[in-house]
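Q: So that we are looking at the same thing, I have put the structure below in structure tokens.
The values are calculated or read from the model by the stated rules, or taken from the named source; none is laboratory data. Just so it is clear, the structure is predicted and the values come from calculations on it, not from any experiment. Here Cβ is always computed from backbone atoms with ideal geometry, including for glycine, and neighbour counts include all displayed protein chains. Just the protein is used for accessible areas: all its heavy atoms, side chains included, with ligands, DNA and RNA removed. Shrake-Rupley method; radii C 1.70, N 1.55, O 1.52, S 1.80 Å.
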Amino acid sequence: MTTATAARTGLYAWGGPGTVEMLKTKYRGWRMRVDERSFLRMYEPEFLHAATHTLGVTDMWVSYSWGFCDEREKPHRAFLRSRLKHFRKYGIRAHAYVQGFNAVTAETDAGLLCRDWRGKPLPYSTGRSQICPSNPATRYRILSRVAAACNEDVGGVFVDNVISGAPARFFSRDYASF
């Protein structure tokens, strides 16, 4: 006996105030203006209606944790939580996106940061650094965020950047930083 499986269509939907802050952190100094309104409207009924009816979206990966400190992320998570009802209304499974082994450098305990052979933190992008997967406190940080996301009314949790490989810019002729 076979069971028919309905087709699923997903959308990576980085939205909300956490995404706005992440973009401003990651691209600070660039001559770029973040269209905050578009990121804040992404989880509203009009957008979700269009996503389901135009693109056939059934699942969305939504911003839950970008690697800011927990205190800064509280209002980001509250924003998402207040909009989860809209996803349910349109039959969209919301999956919480949790940043893995990178974090906002200025808001992260220095002991969690990966370091190169000179002892300098390994950057992930502007304002963000890789955090050390060998450090039990790093693993606790990520696992506690996953546990918190699992307590939300979401269809799943996605942890990004769990394979902490070395971007090509970390290599030189004679050594690798990582």
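Q: Within the stretch 17-58, list the trypsin sites (Lys or Arg not before Pro) lying in a DSSP loop whose Cβ has at most 12 other Cβ atoms in a 10 Å radius.
A: Here the sparse-neighbourhood loop sites are 28, 31, 33.
Q: May I ask you to work out the translational diffusion coefficient for the stretch 1-84 at 37 °C, viscosity 0.692 mPa s, via Stokes-Einstein with Rh from the Kirkwood sum over Cα pairs, reported in whole µm²/s?
A: Diffusion coefficient, whole number: 228 µm²/s.
Q: What whole-number value in Å² describes the accessible area per residue of the chain for a 1.4 Å probe?
A: 57 Å²
Q: Could you give the radius of gyration (one decimal) and Dmax (whole number) of the Cα atoms in the stretch 39-140, in Å?
A: Using the Cα atoms of the stretch 39-140, the pair Rg, Dmax is 17.1, 53 Å.
Q: If each DSSP helix of 4+ residues adds -39,500 (n - 2.57) and the sum is divided by the residues in the chain, what number results at 222 nm, nearest 500 deg cm²/dmol?
A: Result for the chain, helices only: -11000 deg cm²/dmol.
Q: Evaluate the charge dipole of the chain about its Cα centre and quote only its size in Debye, nearest 20, assuming +1 on the Cβ of each Lys and Arg and -1 on the Cβ of each Asp and Glu.
A: On the way: 26 positive and 16 negative charges, 56 e Å.
Computed charge dipole of the chain: roughly 260 debye.
Q: For the chain, find the longest principal axis of its Cα atoms and tell me its angle to the long axis of helix 45-55, 0 to 90°, nearest 10.
A: Roughly 90 degrees, rounded to the nearest 10.
Q: Here's a follow-up. Order the peptides 92-104, 138-150, 109-121 from the highest to the lowest mean number of other Cβ atoms within 10 Å of their residues.
A: 92-104, 138-150, 109-121
Q: Using 0.36 nm times the number of residues separating residue 8 and residue 139, minus their current alpha carbon distance, what extension gain do you get?
A: Extending this stretch completely gives an extra 44.0 nm.
Q: First compute the accessible area of the stretch 6-139 with a 1.4 Å probe, then give the percent of it belonging to carbon and sulfur atoms.
A: Working: 3840 of 6920 Å².
The nonpolar share, carbon plus sulfur, comes to 56 percent.
Q: Quick one: angle between helix 136-150 and the longest Cα principal axis of the chain, in degrees between 0 and 90, rounded to 10, please.
A: Compared with the principal axis, the helix lies near 10 degrees.
Q: Pop a pseudo-label 7 angstrom from the Cα along the beta-carbon direction at both residue 109 and residue 160 and give the gap in nm to one decimal.
A: For residue 109 paired with residue 160, the spin-label model returns 2.5 nm.
Q: Add +1 for every Lys or Arg and -1 for every Asp or Glu among the other residues with Cβ under 12 Å from the Cβ of residue 69, and state the total.
A: -2
Q: For the stretch 130-155 and the stretch 42-62, write down the distance between their C-alpha centroids in whole Å.
A: The distance from the Cα centre of the stretch 130-155 to that of the stretch 42-62 comes to 27 Å.
Q: May I ask you to list the chymotrypsin sites (Phe, Trp or Tyr not before Pro) in the stretch 1-81 that are in a DSSP loop and have at most 13 other Cβ atoms within 10 Å of their Cβ?
A: Numbers: sites: 12, 14, 27, 30, 39, 43, 47, 61, 64, 66, 68, 79; in loops: 14, 27, 30, 43, 66, 68.
When the chymotrypsin sites (Phe, Trp or Tyr not before Pro) of the stretch 1-81 are filtered for loop state and at most 13 Cβ neighbours within 10 Å, 30 remain.
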